[in-house]
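Taking it in order: structure first as structure tokens, then the write-up.
Please treat every number below as a calculation from the coordinates, not as lab data. Being a predicted model, the structure only gives us computed values, none of them experimental. Note that each Cβ is placed from the backbone with ideal geometry, even for glycine, and that neighbours are counted across all protein chains shown.
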Amino acid sequence: MTELLYKEECYKIIGKCYEVHREMGIGFLEIVYKDALEYEFKRAGIPFEREKEYTVNYKGITLPRKFYADFVVFDKIILEAKCVSSIPEAFIAQCLNYLKVSGNRIALLVNFGELSLFHRRIVF
């Protein structure tokens, strides 16, 4: 049996997401959940960068538009937070694109817009 990549780190991140969801419930804007996550990460001493900017290269040139990942946690895990009634496949594709441009291997997609917190681990 193979070990999950960054198992402990992902467990800590998802734990903080559950804590925010438990405390706030559903109904807030996405930015409010991100602010609460930032607070929880700081409180727990979890290193993160919010709205991390990534450039996109195409055929040897850097395109003018950039990607902004919601969070990069532990300098290696992308956390993408959503607040929608359900997660469409496009959000999973978005996470895969973030992984491509960042060089990271793991993204966590979480949705605060459902009665129970939705989360998915995406491996590149």
Task: Among Ala81, Ala93, Ala69: highest mean-square fluctuation, GNM of the chain, C-alpha pairs under 10 Å - done: Ala93
TODO: Please give, to one decimal in nm, the separation of the simple spin-label points placed at Leu29 and Leu5, each 7 Å out from Cα toward the Cβ.
DONE: 3.5
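Set the Förster radius R0 to 35 Å, insert the Cβ-Cβ distance between Leu115 and Leu63 as r into 1/(1 + (r/R0)^6), and round the FRET efficiency to 0.05. If you can, show how the numbers build up before the last one.
Details: r = 39 Å, r/R0 = 1.11.
Plugging the Cβ-Cβ distance into 1/(1 + (r/R0)^6) gives 0.35.
For Tyr6, Tyr18, Tyr68, what ranking results if the residue with the fewest other Cβ atoms within 10 Å of its Cβ goes first?
Working: Tyr6 20, Tyr18 14, Tyr68 10.
Fewest to most other Cβ atoms nearby, the residues stand as Tyr68, Tyr18, Tyr6.
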Task: Farthest toward positive dipole pole in the range 7-123 [+1 Lys/Arg, -1 Asp/Glu at C-beta], among Ile122, Asn57, Leu99 - done: Asn57
TODO: Pairs of Cα atoms under 8 Å, at least six residues apart: use those to get the relative contact order of the chain, whole percent.
DONE: 23
Open item on the list: Of the candidates Ile13, Ile46, Ile61, which one comes out as most mobile in a Gaussian network treatment of the chain with C-alpha springs shorter than 10 Å?
Closed with: Ile61
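Given the chain, what percent of its DSSP beta bridges are antiparallel, to the nearest 5? Don't skip to the answer; put the middle values down first.
Values: 18 of 24 bridges.
The antiparallel proportion sits near 75 percent.
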Task: Gain in span if fully extended, Ile92 to Val56, counting 0.36 nm per residue against the direct Cα distance - done: 11.2 nm
- [ ] Once you've got the GNM for the chain with C-alpha springs shorter than 10 Å, pick whichever of Glu49, Glu23, Glu114 has the biggest mean-square fluctuation.
- [x] Glu23
